[in-house]
Amino acid sequence: MRSGKPARFIITGTSVNFAVTIRSFEYEERGGEPGDIYYTLSLKEHVFIEIAKKSDDKKLTGSASKVMPKLTSSAKRPNTTVKAKSYTVKAGDSLWKIAQRADVLGDGDRWRELYAKNKSAIGPNPNVLKPGQKLVIP
């Protein structure tokens with residue numbers, strides 16, 4: 001698991017045979033069952049990627065040059081990042097009032113989402129907000 005290298009997940013008697021990486025592994029022994037070990041294992045399928053090496057175009061001849069066309073593009077990739085919305089706390093605000101606003105979450109009962117997203121800025125008590133604090137809107 002620590003190496004991050006793929007292992008094989010095989011179930012005998014079936015066609016299951018995958019390359020996987022181990023995401024988590026937990027085990028325990030339970031009282032009253034000596035010698036039995038219970039474990040939880042999380043796996044993720046590993047896909048091997050093959051990268052074709054670029055060769056000199058002059059060496060390619062015939063049908064091989066059709067297989068590897070030159071890839072040139074002047075078009076830039078579109079920026080798909082989503083900018084986080086924020087709200088600046090005003091005097092008298094509470095998480096419920098902020099979540100209730102239509103331009104924020106539109107439902108005061110969703111104040112816990114605001115608190116979860118901004119717990120490091122707000123601190124352990126969700127009832128204490130300081131005017132001027134900037135909160136990230138989920």
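Residues being touching a strand residue (DSSP E or B) at 6+ places or on another chain (Cβ under 7 Å), open to solvent by 40 Å² or more (accessible area, probe 1.4 Å) and modelled with pLDDT under 90: count how many of those fall in the stretch 82-116. Residues that pass the stated criteria total 3.
Among the residues of the stretch 43-65, is any modelled with pLDDT of 80 or more, assigned to a strand (DSSP E or B), open to solvent by 100 Å² or more (accessible area, probe 1.4 Å) and not polar (S, T, N, Q)? Let's see the steps before the verdict.
Here is the first cut: in the stretch 43-65, the residues modelled with pLDDT of 80 or more are 43-53.
Narrowing further to those that are assigned to a strand (DSSP E or B): 43-45.
So of that shortlist, the ones also open to solvent by 100 Å² or more (accessible area, probe 1.4 Å) come out as 44-45.
Checking which are not polar (S, T, N, Q) leaves us with 44-45.
Yes; the residues of the stretch 43-65 include at least one that is modelled with pLDDT of 80 or more, assigned to a strand (DSSP E or B), open to solvent by 100 Å² or more (accessible area, probe 1.4 Å) and not polar (S, T, N, Q).
Applying the set (1) part of a loop (DSSP other than H, G, I, E, B); (2) at pLDDT 80 or above; (3) open to solvent by less than 70 Å² (accessible area, probe 1.4 Å) to E33 leaves exactly one unmet item: (2).
Contact annotation: residue pairs with Cβ atoms under 8 Å, 6 or more positions apart or on different chains, pairing a residue in the stretch 102-131 that is farther than 18 Å from T88 by Cβ with a partner that is hydroxyl-bearing (S, T, Y) and surrounded by 10 or more Cβ atoms within 10 Å (Cβ to Cβ), are N127/S94. Only one of the numbered conditions (1) in contact with a helix residue (DSSP H, G or I) (Cβ under 9 Å, 6 or more places away or on another chain); (2) in a loop (DSSP other than H, G, I, E, B); (3) over 23 Å from K83 (Cβ atoms) is violated by L105, and that is (3). Scan the stretch 108-138 for residues that are touching a helix residue (DSSP H, G or I) at 6+ places or on another chain (Cβ under 7 Å) and charged (D, E, K, R) and the total you get is 1.
The values are calculated or read from the model by the stated rules, or taken from the named source; none is laboratory data. Source: prediction; values computed, not measured. Don't worry about glycine lacking a Cβ; one is built from the backbone with ideal geometry, like all the others, and counts go over all protein chains shown. Note: areas computed on protein heavy atoms with side chains; ligands, DNA, RNA excluded. Shrake-Rupley method; radii C 1.70, N 1.55, O 1.52, S 1.80 Å.
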